[in-house]
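The structure under discussion appears below in the form of structure tokens.
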Amino acid sequence: MSNFSLLANLGWQPFFQQQLSLEEWENSIAARIIEQHRSEITVVTESKKFNITLAHSMPDMVVGDWLLLDKNRQFIRVLDRKTCFKRKSPGSKVKYQLISANVDTAFIVSSMNDDFNLNRIERFLALVNESGAEPVVVLSKSDQSTSPEAFIEQVQKLDDYLVIEAVNCLDSNSVSNLEAWLKQGNTASVIGSSGVGKSTLINTLLGENSQSTGSIREDDDKGRHTTTKRSLISLDSGGMILDTPGMREIQLADCKEGIAATFSDIQHLSYQCRYNDCQHQAEPGCSVRESIETGVLDTRRLDNYHKLLREEAFNSASLMQKRATDKALGKYYKRTLSESNKQKGR
């Protein structure tokens, strides 16, 4: 039986404890996935760290998941997730890719240089808002920027209530403001494109060089990949932090609520349009277009909103079709097997 009071430093919360039956409470071991490999996962309990070999009978799991194990460390089940990050798999694959689970806060890191991109920040915000985690935009390389205030102002225009922190990832005093989201029981994820300073930020928070770092390509200010696997790391504060590889491609799918939350200003304006199905193009009485003409809304933001909606609709339709095809194929296999068994019985 796990000592659940000792699991708080691993991110154990009442949300997970409430899922346990009395029998599970007395006889099971709670473990959290801290690393994921091709054929096994690394988990940690209140006192031990070990690997579990994956089997085809197990459900899809990801770093951050909480598992229940029996006294022999055998898999029982995965606990329901409080939050979940997922995206459409990169490339032409028609399936989901789980990124992480049970993250409370997502630090969206973007560097204040030529690689700064509002469209990309909005894409990450949609992903985070869909997951259920709290987004915090971390603007890195403040020591290299001549006007950090200008970058902060651009991001703040996306949402008046969005939390933004400008930091020098190499300076422990500069990143100390982030510790408010890293208290005991909380799990934070660091996401962003390559080379923005994610691993450097984690090293500074840890006070050590546990994550490898890489330099920026000088010709275009774009970064190199330095993290190659997702890993969940314990902090002295009692929180946990997840480093993820830089994601060059984030295709959104089943993300309508995340997009709506990210572009809540456009959603609110659309309620005032003359037509309920207004596409905000050239329709009369369109409040969204009127806001652009008066300078309240930026054309770039509306264009990105439309782009993400089209992408989400296309990917969701593709995934839905794939699910239907897989379901029909499963029924066919089941029917064929049943007929085969009948033939053998004759």
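Could you tell me whether ILE76 is surrounded by 14 or more Cβ atoms within 10 Å (Cβ to Cβ) and either of a type in the set (Val, Ile, Thr) or more than 20 Å from SER237 (Cβ to Cβ) (or both)? So ILE76 does not fit the description; no. Filtering the range 233-291 to residues that are under 26 Å from THR42 (Cα atoms) and of a type in the set (Ser, Thr, Tyr) leaves SER234, SER237, THR244.
Every condition in (1) under 30 Å from HIS268 (Cα atoms); (2) within 21 Å of the chain's Cα centre (by Cα) holds for SER140 except the one numbered (1). Checked against (1) within 21 Å of ILE241 (Cα to Cα); (2) in contact (Cβ under 8 Å) with a residue 40 or more places away in the chain, LEU20 meets all criteria but (1).
Consider the range 173-193 and keep the residues that are over 17 Å from GLU134 (Cα atoms) and either within 16 Å of the chain's Cα centre (by Cα) or of a type in the set (Ser, Thr, Tyr) (or both). The one that is modelled with the lowest pLDDT is SER193. Out of VAL109, VAL155, VAL163, one residue alone is at negative phi, in contact with an Asp or Glu (Cβ under 9 Å, 6 or more places away or on another chain) and in the same structural domain as GLU208 (by TED's automatic domain parsing). It is VAL163. Counting the residues of the range 8-38 that are over 12 Å from LEU79 (Cβ atoms), buried (at least 18 other Cβ atoms within 10 Å of the Cβ) and among the hydrophobic types (A, V, I, L, M, F, W, C) gives 3.
Residues in the range 141-164 that are at pLDDT 95 or above and of a type in the set (S, T, N, Q) were compared, and the one that is farthest from GLY195 (Cα to Cα) is GLN156. Selection of the range 257-298 for residues being buried (at least 16 other Cβ atoms within 10 Å of the Cβ) and not hydrophobic (A, V, I, L, M, F, W, C) yields GLY258, THR262, ASP265, SER270, HIS280, SER287, ARG289, SER291.
Counting only residues that are over 32 Å from the mean Cα position of the chain (by Cα) and in a helix (DSSP H, G or I), the range 290-309 holds 2 of them. Is it true that some residue in the range 39-52 is aromatic (Phe, Trp, Tyr) and either in a helix (DSSP H, G or I) or loosely packed, with under 14 Cβ neighbours inside 10 Å (or both)? So far as the range 39-52 goes, yes, one or more of its residues are aromatic (Phe, Trp, Tyr) and either in a helix (DSSP H, G or I) or loosely packed, with under 14 Cβ neighbours inside 10 Å (or both). Do we have any residue at all in the range 104-127 that's in contact (Cβ under 8 Å) with a residue 40 or more places away in the chain, under 30 Å from SER21 (Cβ atoms) and out of contact with any Phe, Trp or Tyr (no Cβ under 8 Å at 6 or more places or on another chain)? No, that holds for no residue. The single residue among VAL167, VAL137, VAL196 that is of a type in the set (A, V, I, L, M), at pLDDT below 95 and more than 30 Å from PRO59 (Cα to Cα) turns out to be VAL196. Residues of the range 141-191 being part of a strand (DSSP E or B) and farther than 23 Å from ASN119 by Cβ, which ones? Once the filter is applied, which keeps residues that are part of a strand (DSSP E or B) and farther than 23 Å from ASN119 by Cβ, the range 141-191 yields LYS183, THR187, ALA188.
For the range 162-172, the tally of residues that are over 20 Å from the mean Cα position of the chain (by Cα) and surrounded by fewer than 18 Cβ atoms within 10 Å (Cβ to Cβ) stands at 3.
The values are calculated or read from the model by the stated rules, or taken from the named source; none is laboratory data. Nothing here was measured: the structure is a model prediction, and the numbers come from that model. Using ideal geometry, Cβ is built from the backbone for each residue, glycine included, and neighbour counts are taken over all protein chains shown.
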